[in-house]
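Worksheet: the structure to be examined is printed underneath.
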Amino acid sequence: MKSLHQILSEFIHDAEHFDIKSFGTGLIHHTYVVSRDKTPVYILQALNYQVFKNPNAISSNISILENHLQQNHPDVIFPTYVKTLSGESYCYDLYQPYRLSLFIANSHSIDSCTNPDQAFEAAFQFGKFTSLFETLNMRELQDTIPQFHDLNFRWKQFEDCLKNGNQERIHFSQSEIGIISENRFIVDDYSTLISDGSLQLRVTHHDSKISNVLFDYQNKGICVIDLDTTMPGFFISDLGDMFRTYLAEATEEEQDFEKIIVRKSYYDAIIHGYSVAMEKSLTQTEKNLLNYSGEFMIYMQALRFLTDFINNDIYYGSKYELHNFNRAKNQLKLLSEFRTLIS
Ligand code: GN1
Ligand code: MG
């Protein structure tokens, strides 16, 4: 196995002058910050290649996006990747791909929203991100995870886990399985929206949580990061994930579900920020689906966490026995709070 410094030395000449430390709260990749004299200079990531089975699809998409911006919006800040010294996007340690990106100077990210202005800034950044690529031929982009936000597919995975998953955990989750099943109409609504063409395909980020936005020290949004799941998709994914992750101060990790309280001022700020960037692009049919987007994403995340719990945590991993079960319960509580807010 290569050491992290060996990996780094495949990207840059003076790797030994840098410190490498674990960084961030992502569930899928291992992320490290690479600093020199305590100043962060790079982000090094070990890509989860069980989840992203085709790393070249990611690097190809990112370079298409980057070229499009260089040609059409050269002033926009974009997270830039550093090629290896031999000109590759990844350095491999056996099957494990690593990649290096530049740390954007004077930026920081946050793990939960503590001020509606942050929600506004983030929503504006995600809306702007989609709108910057309005003229890009989306057929050039590849699906980095096939059917990633296809709710029918997620439902099918849920049904499969009820047949083949951990019996004890299925028994333990009866009440949550019941709530998921009662809300099956969200899946039916999704099917209808897809079949009647209500949603337009656009360049979609698919992971618009607050920690994927960089802020400057005046708390203005700089840009969005973590572009691995950027591919053609629907606005309900990005707007919905913002409702899911900005409305409550408590995150999906919170185990005291009473703390999951949604805040109307944040709801307004998300809609305002997203609309400033996307108002002209969204159709009237889509504008009628703003609230649906929240139900769609919160429900899908509950479904994914519960499915993973029943499948013995093979996807998200877990730090304690009931981790994914609690995450699912947390999201179900959030769904019910969200409904109260929009009713
Ligand atoms: C995963 O790895 P991370 O934290 O960026 C997941 C998202 C979920 C999120 C829940 C590829 O994102 O879809 O919303 O966890 N990404 C993938 O925290 O599955
Ligand atoms: Mg992500």
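The values are calculated or read from the model by the stated rules, or taken from the named source; none is laboratory data. This one's a predicted model, so the numbers in the text were calculated from it and none came from an experiment. Heads up, the Cβs are rebuilt from the backbone with ideal geometry, glycines too, and the neighbour counts pull from every protein chain shown. For the accessible areas, the whole protein counts, side chains as well, though only heavy atoms, and no ligand, DNA or RNA atoms are used. Shrake-Rupley method; radii C 1.70, N 1.55, O 1.52, S 1.80 Å.
Within the stretch 191-211, being buried (at least 21 other Cβ atoms within 10 Å of the Cβ), of a type in the set (S, T, N, Q) and within 10 Å of the chain's Cα centre (by Cα) holds for one residue alone: Ser208.
The set of residues from the stretch 21-70 being in contact with a helix residue (DSSP H, G or I) (Cβ under 7 Å, 6 or more places away or on another chain) and of a type in the set (A, V, I, L, M, F, W, C) comprises Val34, Leu44, Leu47, Phe52, Ile64, Leu69.
Residue count for the stretch 11-31 satisfying the condition of being within 16 Å of ligand 2 (Cβ to nearest atom) and open to solvent by less than 90 Å² (accessible area, probe 1.4 Å): 8. Consider the stretch 15-27 and keep the residues that are out of contact with any Gly (no Cβ under 9 Å at 6 or more places or on another chain), of a type outside the set (S, T, N, Q) and touching a residue at least 12 places away in the same chain (Cβ under 8 Å). The one that is nearest to ligand 1 (Cβ to nearest atom) is Gly26. In the stretch 67-118, which residues are under 27 Å from Ile270 (Cβ atoms) and without any contact (Cβ under 8 Å) to a residue 40 or more places away in the chain? The answer is Asp75, and nothing else.
Counting only residues that are within 13 Å of ligand 1 (Cβ to nearest atom) and open to solvent by 50 Å² or more (accessible area, probe 1.4 Å), the stretch 32-46 holds 0 of them. The condition of being out of contact with any Pro (no Cβ under 9 Å at 6 or more places or on another chain) and either open to solvent by 80 Å² or more (accessible area, probe 1.4 Å) or under 24 Å from Ser195 (Cα atoms) (or both) holds for only one of Phe126, Phe158, Phe153, that being Phe158. Filtering Ser211, Ser275, Ser281 for residues that are modelled with pLDDT under 95 and of a type in the set (S, T, N, Q) leaves a single hit, Ser211. Among the conditions (1) touching a Lys or Arg at 6+ places or on another chain (Cβ under 8 Å); (2) more than 14 Å from ligand 1 (Cβ to nearest atom); (3) assigned to a helix (DSSP H, G or I), the only one that Pro232 does not satisfy is (3). The number of residues in the stretch 241-276 that are among the β-branched types (Val, Ile, Thr) and in contact with a Pro (Cβ under 8 Å, 6 or more places away or on another chain) comes to 0. Being at pLDDT 95 or above and open to solvent by less than 70 Å² (accessible area, probe 1.4 Å): is that true of Gln118 here? It is true that Gln118 is at pLDDT 95 or above and open to solvent by less than 70 Å² (accessible area, probe 1.4 Å). Comparison of Asn152, Asn137 shows that the only residue that is closer than 30 Å to Leu332 by Cα and more than 16 Å from ligand 2 (Cβ to nearest atom) is Asn152. Among the helices (runs of 4 or more DSSP H) confined to the stretch 264-317, the ones with at least 1 residues that are within 20 Å of the chain's Cα centre (by Cα) are located at 264-278, 290-310. Of the numbered criteria (1) open to solvent by 30 Å² or more (accessible area, probe 1.4 Å); (2) within 30 Å of Ile314 (Cα to Cα), the one Val76 fails is (2). The set of residues from the stretch 206-235 being within 16 Å of ligand 2 (Cβ to nearest atom) and either among the basic types (Lys, Arg) or within 18 Å of Ser112 (Cβ to Cβ) (or both) comprises Asp207, Ser208, Lys209, Ile210, Ser211, Asn212, Val213, Leu214, Val224, Ile225, Asp226. Quick check on the stretch 295-317. Is at least one of its residues open to solvent by 40 Å² or more (accessible area, probe 1.4 Å) and among the charged types (D, E, K, R)? Taking every residue of the stretch 295-317 in turn, none turns out to be open to solvent by 40 Å² or more (accessible area, probe 1.4 Å) and among the charged types (D, E, K, R).
With respect to (1) without any contact (Cβ under 8 Å) to a residue 12 or more places away in the chain; (2) within 16 Å of ligand 1 (Cβ to nearest atom), the lone exception for Gln167 is condition (2). Of the numbered criteria (1) away from ligand 1 (no atom under 16 Å from the Cβ); (2) surrounded by fewer than 22 Cβ atoms within 10 Å (Cβ to Cβ), the one Glu252 fails is (1).
Only one of the listed residues (Asp196, Asp241, Asp308, Asp207) is over 18 Å from Leu334 (Cα atoms), within 15 Å of ligand 1 (Cβ to nearest atom) and out of contact with any strand residue (DSSP E or B) (no Cβ under 7 Å at 6 or more places or on another chain). That residue is Asp308.
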